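S.K.: Pasting in a structure now, in structure tokens, and then I'll have a few things to ask.
The values are calculated or read from the model by the stated rules, or taken from the named source; none is laboratory data. If you're wondering where the values come from, they're calculated on a predicted model, not measured in any experiment. Cβ atoms come from the backbone with ideal geometry, glycine included; neighbour counts cover every protein chain shown.
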């Protein structure tokens with residue numbers, strides 16, 4: 001089985017959708033289907049159970065996925081290390097970014113590259129969805145996030161920068177005419193929040209209660225995207 005065919009199978013095993021798999025791998029849906037059928041003929045069993053509405057792994061497919069994941073990861077890492085070595089790069093630092101003010105951090109990236117030219121610096125934009133998961137899984141080396149971080153298994157580094165807090169409302173909102181807003185007034189409105197934030201982040205971003213004890217209601221969730 002070729003490395004690309006393994007990748008197609010593993011992505012489909014994750015997405016369980018031929019269209020999304022094709023889009024993610026930048027292939028045609030027909031090509032994905034062709035590769036899976038070829039694998040099934042070679043193995044002699046169905047890897048996926050398909051209906052007009054769902055795609056699920058078969059028992060054989062589940063076993064193959066579990067067997068191939070570490071093999072594929074090892075091959076991919078070996079090829080990547082060879083590619084970096086050919087470029088004179090001996091190591092890589094993978095940095096996840098939660099804040100969106102990347103420009104303000106360019107000084108740090110420029111300094112790192114000048115001091116450690118043998119290292120490749122990879123910056124990845126993160127989302128609110130499971131922000132610490134990729135760091136725990138070893139997919140990242142460093143995660144730049146807002147404080148506080150109350151995760152006992154992490155070492156929290158120095159503060160890189162501070163941002164002022166602003167209130168964003170539509171032009172016709174009743175608060176738009178004000179130059180400042182007291183926290184007590186937040187209880188008069190519902191506030192959209194990103195999904196799946198740790199409670200301590202959400203409370204620091206917008207407290208659950210005003211200083212007088214009034215509940216600050218959460219409304220619809222603000223949108224985010226997965227990367």
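S.K.: Do we find that residue 186 is surrounded by 13 or more Cβ atoms within 10 Å (Cβ to Cβ), over 13 Å from the mean Cα position of the chain (by Cα) and modelled with pLDDT of 85 or more in this structure? Please lay out each step first, then the result.
M.R.: Details: surrounded by 13 or more Cβ atoms within 10 Å (Cβ to Cβ): yes; over 13 Å from the mean Cα position of the chain (by Cα): yes; modelled with pLDDT of 85 or more: yes.
The answer is yes for residue 186.
S.K.: Looking at 61, 74, can you tell me which residue is out of contact with any strand residue (DSSP E or B) (no Cβ under 6 Å at 6 or more places or on another chain), part of a helix (DSSP H, G or I) and either outside the structural domain of residue 139 (by TED's automatic domain parsing) or at pLDDT 90 or above (or both)? Steps first, answer last, please.
M.R.: Details: 61 fails: out of contact with any strand residue (DSSP E or B) (no Cβ under 6 Å at 6 or more places or on another chain).
Going through 61, 74 in turn, just one is out of contact with any strand residue (DSSP E or B) (no Cβ under 6 Å at 6 or more places or on another chain), part of a helix (DSSP H, G or I) and either outside the structural domain of residue 139 (by TED's automatic domain parsing) or at pLDDT 90 or above (or both): 74.
S.K.: Take residue 197 and decide whether it is assigned by TED's automatic domain parsing to the domain that holds residue 211, at pLDDT 85 or above and closer than 29 Å to residue 212 by Cβ.
M.R.: Values: assigned by TED's automatic domain parsing to the domain that holds residue 211: yes; at pLDDT 85 or above: no; closer than 29 Å to residue 212 by Cβ: yes.
Against the criterion (assigned by TED's automatic domain parsing to the domain that holds residue 211, at pLDDT 85 or above and closer than 29 Å to residue 212 by Cβ), residue 197 does not qualify.
S.K.: Check off (1) touching a strand residue (DSSP E or B) at 6+ places or on another chain (Cβ under 7 Å); (2) not in a loop (DSSP other than H, G, I, E, B) for residue 108 and give me the number that stays unchecked.
M.R.: Of everything listed in (1) touching a strand residue (DSSP E or B) at 6+ places or on another chain (Cβ under 7 Å); (2) not in a loop (DSSP other than H, G, I, E, B), residue 108 misses just condition (1).
S.K.: With the checklist (1) surrounded by fewer than 13 Cβ atoms within 10 Å (Cβ to Cβ); (2) in contact (Cβ under 8 Å) with a residue 60 or more places away in the chain in hand, flag the one item residue 180 doesn't pass.
M.R.: Failing condition for residue 180: (2).
S.K.: For residue 112, all conditions in the list (1) free of Cβ contacts under 8 Å to residues at least 40 places away in the same chain; (2) more than 25 Å from residue 196 (Cβ to Cβ); (3) surrounded by fewer than 13 Cβ atoms within 10 Å (Cβ to Cβ) hold save one; what is the number of the exception?
M.R.: With (1) free of Cβ contacts under 8 Å to residues at least 40 places away in the same chain; (2) more than 25 Å from residue 196 (Cβ to Cβ); (3) surrounded by fewer than 13 Cβ atoms within 10 Å (Cβ to Cβ) applied to residue 112, the lone miss is (3).
S.K.: Taking the conditions exactly as written (modelled with pLDDT under 80 and either more than 24 Å from the chain's Cα centre (by Cα) or surrounded by 12 or more Cβ atoms within 10 Å (Cβ to Cβ) (or both)), does residue 103 satisfy them or not?
M.R.: Values: modelled with pLDDT under 80: yes; either more than 24 Å from the chain's Cα centre (by Cα) or surrounded by 12 or more Cβ atoms within 10 Å (Cβ to Cβ) (or both): no.
No; evaluated as a whole, the condition is false for this residue.
S.K.: Given the structure, is residue 192 outside the structural domain of residue 77 (by TED's automatic domain parsing) and either assigned to a loop (DSSP other than H, G, I, E, B) or modelled with pLDDT of 85 or more (or both)?
M.R.: Values: outside the structural domain of residue 77 (by TED's automatic domain parsing): yes; either assigned to a loop (DSSP other than H, G, I, E, B) or modelled with pLDDT of 85 or more (or both): no.
For residue 192, the condition - outside the structural domain of residue 77 (by TED's automatic domain parsing) and either assigned to a loop (DSSP other than H, G, I, E, B) or modelled with pLDDT of 85 or more (or both) - is not met.
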